[in-house]
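> Before anything else, here's the structure in question.
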Amino acid sequence: MITKLFRNAAVFTPEDGGKPRAGPDQGRIRAVPKGALLCRNGRVAALGPEKDVLKALHADDVDLEVDLEGRCVLPGFVDPHTHLCFVETREQEFSLRLQGVEYLEILRRGGGILSTVRSVRKSDEETLFRATRERVLRALRFGTTTLEIKSGYGLETPTELKMLRVIRRIGRETPLDVVATFMGAHAVPEEYRNRTDDYVDAIVRDMIPEVARQGIARFCDVFCEQGVFSVAQSRRILRAALAAGLGAKIHADEVHDLGGAALAAEIGALSAEHLLAASEASLKAMAQAGTIGVVLPATAYSLRKPFAKARTMIELGVPVALATDGNPGSSYTESMPFVFGLAVLSMGLSVEEALTAATLNAAYAIATADRVGSLDVGKQADFLVLEGETPAVVPYHAGANPVAAVYKKGELCFG
Ligand code: NIG
Ligand code: FE
């Protein structure tokens, strides 16, 4: 048994009450000012005021003692929505967007997601793995210890499976916990142009059954958007996914208010994500159904669109989670501190609400809260040491990396 004691720490963590935290509970955080965190075999064995933890401990029980000199300790960030499995970036397209060409217009012209599809189809598996690993390790240095990665740059069975194998390998060969989401419904591939229903048939008939048979993804996601997949098509795909044993997620109301958020509530999806244009009626339906709202402020920032109404979500009782959406088109970032800062300074969340959104609620959004997302006893000792005294340093020290050290299952993996 390996026992490690981290003392002289200012610990801030949401507490796991068995469900995502919503409404006034979203901002309730446990603060332990002169705290100690005791880890045994990579799990949290105790957290409390230093004197209490020390009293319950024999000095010779401890294999390693670390004095954190009053610095802030948080649970590792959980990033529940990324598309980090790709090869080439899209700087040219970014320049076009800066000139005023709309994101969906670029997709209509055969660029955007479809240009990443062309390069991912051509890429060999090793190259795709290395490119993905580089980004995931960058996320780790910014404090992400668990993340979700979506497929969706294959849009044909073999390439979707290639991506999902790479994503699985990232989970095995990096310190991070990785959750895979199948997103064959990310765009309509060129060979199905103007035949979206035929492509939906292929997803439902061939792709979902094969992904489920291989047990290689935990969730299925759909881009429900004007010119991509309609609400009816999204419903069909997600129902098939649920029937095959996958969880349901949806890119909902990112650009237009199609009713994707309401669909999430209707079918019992775990989460609806983006929500920039979601109506209040849809948000109410989500609150009723307990659907988690995953907000992605770096996407609004990069697309220069108004942010999702996260304050309204919290007031309505929607549990809010925060993610990067890391992808080569609409949000090229791996940084949870960056989106944390946007959530506080541009979306009006309190630091405490943003902390819950970036940890516990994010863990619920990818069904990992049984082991990560908070520093409750028994969970994995995944935590961050910040260069600062409170979590407010994350939005405060803008543009810098406030993460001084990252521990995964009690092991130092950055810092
Ligand atoms: O979440 N909206 C669709 N998917 C991503 C963008 C992916 C891309 O542009 O490559 C998003 O914004
Ligand atoms: Fe996305």
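> Based on this model, can you work out whether V62 counts as buried (at least 18 other Cβ atoms within 10 Å of the Cβ) and not assigned by TED's automatic domain parsing to the domain that holds Y301?
Answer is no for this residue.
> Scan the range 173-183 and give yes if some residue there is crowded, with 17+ Cβ neighbours inside 10 Å, at positive phi and not assigned by TED's automatic domain parsing to the domain that holds F383, otherwise no.
Among the residues of the range 173-183, not one is crowded, with 17+ Cβ neighbours inside 10 Å, at positive phi and not assigned by TED's automatic domain parsing to the domain that holds F383, which makes the answer no.
> Across the range 315-329, which residue is nearest to L303 (Cα to Cα) among those that are crowded, with 24+ Cβ neighbours inside 10 Å and within 16 Å of ligand 2 (Cβ to nearest atom)?
G329
For every residue, the table says whether it meets (1) within 16 Å of ligand 2 (Cβ to nearest atom); (2) over 26 Å from G293 (Cβ atoms); (3) of a type in the set (D, E, K, R).
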| position | (1), (2), (3) |
| --- | --- |
| R30 | no, no, yes |
| L57 | no, yes, no |
| L64 | no, yes, no |
| L68 | no, yes, no |
| C72 | no, yes, no |
| F86 | yes, no, no |
| S95 | no, yes, no |
| G110 | no, yes, no |
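> Quick one: which residue in R195, R218 is free of Cβ contacts under 8 Å to residues at least 12 places away in the same chain, closer than 21 Å to Y153 by Cβ and assigned by TED's automatic domain parsing to the domain that holds A289?
R195 is the lone residue from the list that is free of Cβ contacts under 8 Å to residues at least 12 places away in the same chain, closer than 21 Å to Y153 by Cβ and assigned by TED's automatic domain parsing to the domain that holds A289.
> Which residue out of L38, L68, L54 is over 26 Å from R311 (Cα atoms) and touching a Phe, Trp or Tyr at 6+ places or on another chain (Cβ under 7 Å)?
On the way: L38 fails: touching a Phe, Trp or Tyr at 6+ places or on another chain (Cβ under 7 Å); L54 fails: touching a Phe, Trp or Tyr at 6+ places or on another chain (Cβ under 7 Å).
None of the other options fit; the residue is L68.
> Of all residues in the range 16-53, which are within 23 Å of the chain's Cα centre (by Cα) and more than 17 Å from V320 (Cβ to Cβ)?
At the first step, the residues of the range 16-53 found to be within 23 Å of the chain's Cα centre (by Cα) are 16-30, 42-44.
Matches in the range 16-53: G18, R30, G42, R43, V44.
> Something else now. Among (1) over 25 Å from L355 (Cα atoms); (2) touching a helix residue (DSSP H, G or I) at 6+ places or on another chain (Cβ under 8 Å); (3) part of a loop (DSSP other than H, G, I, E, B), there is one condition G326 misses while meeting the rest; what is its number?
G326 satisfies every listed condition except (1).
> If I ask for residues that are over 14 Å from F12 (Cβ atoms), among the polar types (S, T, N, Q) and in contact (Cβ under 8 Å) with a residue 60 or more places away in the chain, which ones from the range 329-358 would you list?
S330, S335
> Hey, can you tell me all the residues within the range 191-213 that are loosely packed, with under 13 Cβ neighbours inside 10 Å and polar (S, T, N, Q)?
Within the range 191-213, N194 is the sole residue that qualifies.
> For the range 249-291, how many residues are at negative phi, under 19 Å from the mean Cα position of the chain (by Cα) and away from ligand 1 (no atom under 16 Å from the Cβ)?
3
Yes/no matrix, rows are residues, columns are (1) under 26 Å from S330 (Cα atoms); (2) of a type outside the set (K, R):
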site: D206; (1), (2): no, yes
site: P209; (1), (2): no, yes
site: G215; (1), (2): no, yes
site: R218; (1), (2): yes, no
site: G227; (1), (2): yes, yes
site: V231; (1), (2): yes, yes
site: R235; (1), (2): yes, no
site: A248; (1), (2): yes, yes
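> Of (1) of a type outside the set (V, I, T); (2) in contact (Cβ under 8 Å) with a residue 40 or more places away in the chain; (3) surrounded by fewer than 24 Cβ atoms within 10 Å (Cβ to Cβ), N361 satisfies all except one. Which?
Single failed check for N361: (3).
> I've got another one for you. Yes or no: P49 surrounded by fewer than 13 Cβ atoms within 10 Å (Cβ to Cβ), without any contact (Cβ under 8 Å) to a residue 60 or more places away in the chain and within 23 Å of L360 (Cα to Cα)?
Spelling it out, it is not the case that P49 is surrounded by fewer than 13 Cβ atoms within 10 Å (Cβ to Cβ), without any contact (Cβ under 8 Å) to a residue 60 or more places away in the chain and within 23 Å of L360 (Cα to Cα).
Here's the yes/no breakdown for (1) buried (at least 18 other Cβ atoms within 10 Å of the Cβ); (2) within 12 Å of ligand 1 (Cβ to nearest atom); (3) not in a loop (DSSP other than H, G, I, E, B):
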residue: E88; (1), (2), (3): no, yes, no
residue: G100; (1), (2), (3): no, no, no
residue: L104; (1), (2), (3): no, yes, yes
residue: G111; (1), (2), (3): yes, yes, no
residue: F129; (1), (2), (3): yes, no, yes
residue: V136; (1), (2), (3): yes, no, yes
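The values are calculated or read from the model by the stated rules, or taken from the named source; none is laboratory data. A quick note: this is a predicted structure, and the numbers were derived from the prediction, not measured. Please note: Cβ atoms are built from the backbone with ideal geometry, for glycine as well, and neighbour counts cover all protein chains shown.
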